[in-house]
Each structure stands twice: as C-alpha cells, then as structure tokens.
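Below is one structure, written out as structure tokens; the observations come after it.
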Amino acid sequence: DLTGEVTEFHPPKLTDALIWARNTGALVELDRKKTTSFANIWAAVVAAGAEGNAILISYSDEEAAEIAKVAPGAMMTASARGGRDIETLEGLGVDRSRVIAWTGTREPDPPAFARLLDEGVEPAFGTLGRKGERLDDQYWADGDGSEYQRLVDDGVVLIATDEPYKVAEWLTADDDGWAACATP
C-alpha cells in the first residue's frame with residue numbers, strides 16, 4: 001500500500017478485468033508489455049467477449065498498424081494532432097473510425113483537438129505522470145477541477161488521469177452520457 005505495508009490484495013488477471021469491464025460497461029485501456037503481443041491481448045479480449053470494452057494503446061505508428069492488422073475491430077489510441085497524422089495512419093492500414101487520437105501529457109492543444117474533431121477523430125489527453133510534475137497536481141492545486149472541464153469543453157473525450165474519481169465528480173459535460181455508458 002502507500003505506506004509500504006504488505007496487503008492481501010492481488011491484482012486481477014487480465015481475463016477477470018475484461019469480464020468485469022464487459023459486465024459493468026466499463027472501458028479499459030490495455031497497454032502491451034514486451035512479454036506479449038497485440039494478437040495475444042486481442043485474443044483474450046475476444047475470449048472474454050469484451051471487444052466493445054477494450055482500447056489498445058499504441059506508442060508509434062507502427063504499433064497502430066500492427067493493431068489494425070491483428071485486431072481490425074479494435075479501438076486504439078494512436079498519436080495524432082490533425083489530418084496529416086490521420087492520413088499517415090490510414091496509409092498504414094489504420095481505420096480512422098477505430099482511433100482515439102492521443103495528444104500527449106505536456107500542454108493541452110485546443111487547436112489540435114479541433115482539427116481532430118474536424119477529421120471525425122476523438123482526441124485524448126493525459127494529465128497523469130510523476131507526482132509533483134504531472135498536470136493533475138497543477139490542476140488540483142487551487143482545489144477545483146475547472147481545467148478538466150475546459151479540456152472536455154475543448155473537445156477531449158478521453159482524459160488519462162491519476163485522479164479519476166475526483167475528475168469524474170467535477171465534470172458536468174455529459175452526465176446523461178456517463179449514466180448511459182455505465183449501464184451494462
């Protein structure tokens with residue numbers, strides 16, 4: 001735990017997490033490690049019946065192309081900031097309708113969010129990171145989460161944060177949509 005004490009908790013197995021996501025309507029982002037492949041991850045997703053609940057994370061255009069090849073029905077995050085980036089991905093066999101565009105963790109870029117939305121691609125942005133350096137810490141320093149609402153108002157549809165519960169309580173952009181998504 002946070003104090004260094006050993007707990008009885010054990011992280012769930014991938015299959016258990018996927019079944020939980022399927023049963024609750026949650027979305028999970030799956031980060032491939034060097035010990036496995038996107039094909040193996042997608043096979044586990046399909047076996048759990050969680051195709052509509054999983055987003056595969058790519059860290060390069062080549063990884064996005066690999067995901068598109070082995071899991072053409074998979075949603076993925078891929079780095080993109082506008083039309084040229086989307087065209088590059090499409091040239092590698094990536095279907096833009098399967099992409100959530102990752103725009104980084106440094107500074108929000110509302111013009112990039114707008115360009116992506118104009119291309120029909122939903123933008124994602126991250127506020128997570130090393131404690132003391134992450135935007136999460138800066139955004140909560142004044143006690144409110146208005147910066148997160150600004151991200152949503154600027155078009156961001158996925159916020160990667162180390163403070164998900166606090167952020168969810170603060171956002172008001174789509175409470176009806178949130179309720180619908182949380183329904184299995």
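Note on the stretch 132-173: enclosed helices (runs of 4 or more DSSP H) holding 2 or more residues that are over 17 Å from Ala26 (Cβ atoms), within 17 Å of the chain's Cα centre (by Cα) and of a type in the set (A, V, I, L, M) are 146-153.
Going by what's in this entry, would Glu90 be described as closer than 25 Å to Glu119 by Cβ, of a type outside the set (A, V, I, L, M), surrounded by fewer than 19 Cβ atoms within 10 Å (Cβ to Cβ) and touching a residue at least 12 places away in the same chain (Cβ under 8 Å)?
Values: closer than 25 Å to Glu119 by Cβ: yes; of a type outside the set (A, V, I, L, M): yes; surrounded by fewer than 19 Cβ atoms within 10 Å (Cβ to Cβ): yes; touching a residue at least 12 places away in the same chain (Cβ under 8 Å): no.
For Glu90, the condition - closer than 25 Å to Glu119 by Cβ, of a type outside the set (A, V, I, L, M), surrounded by fewer than 19 Cβ atoms within 10 Å (Cβ to Cβ) and touching a residue at least 12 places away in the same chain (Cβ under 8 Å) - is not met.
The set of residues in the stretch 1-44 being among the acidic types (Asp, Glu) and loosely packed, with under 14 Cβ neighbours inside 10 Å consists of Asp1, Glu5, Glu8, Asp16, Asp31. The set of residues in the stretch 109-131 that are without any contact (Cβ under 8 Å) to a residue 24 or more places away in the chain and assigned to a helix (DSSP H, G or I) contains only Pro111. Among the residues of the stretch 102-115, is there at least one that is surrounded by 14 or more Cβ atoms within 10 Å (Cβ to Cβ), among the aromatic types (Phe, Trp, Tyr) and farther than 27 Å from Lys166 by Cβ? Looking for residues that are surrounded by 14 or more Cβ atoms within 10 Å (Cβ to Cβ), among the aromatic types (Phe, Trp, Tyr) and farther than 27 Å from Lys166 by Cβ, one finds none in the stretch 102-115, hence no.
Taking helices (runs of 4 or more DSSP H) that do not extend beyond the stretch 1-91, which have at least 2 residues that are among the acidic types (Asp, Glu)?
61-70, 83-91
What is the residue count in the stretch 59-69 for residues that are closer than 13 Å to Thr88 by Cβ and surrounded by 23 or more Cβ atoms within 10 Å (Cβ to Cβ)? Spell out how you get there, then give the answer.
As a first pass, look at the stretch 59-69 and keep what is closer than 13 Å to Thr88 by Cβ: 60-62, 64-65, 68.
Now narrow it down to the ones that are surrounded by 23 or more Cβ atoms within 10 Å (Cβ to Cβ): 64, 68.
Total satisfying the criteria: 2.
Can you report the number of residues in the stretch 22-45 which are at pLDDT 95 or above, of a type in the set (A, V, I, L, M, F, W, C) and touching a Gly at 6+ places or on another chain (Cβ under 9 Å)? Count: 1. From the list Thr7, Thr36, Thr3, Thr15, the lone residue that is over 29 Å from Arg134 (Cβ atoms), of a type in the set (Ser, Thr, Tyr) and out of contact with any Leu (no Cβ under 8 Å at 6 or more places or on another chain) is Thr15. The residues of the stretch 45-58 that are touching a helix residue (DSSP H, G or I) at 6+ places or on another chain (Cβ under 8 Å) and crowded, with 16+ Cβ neighbours inside 10 Å, listed by number, are Val45, Ala48, Ala50, Asn53, Ala54, Leu56, Ser58.
The values are calculated or read from the model by the stated rules, or taken from the named source; none is laboratory data. All values reported here derive from a predicted model rather than from experimental measurement. A quick note on method: Cβ atoms are made from the backbone with ideal geometry, for glycine too, and the neighbour counts reach across all protein chains shown.
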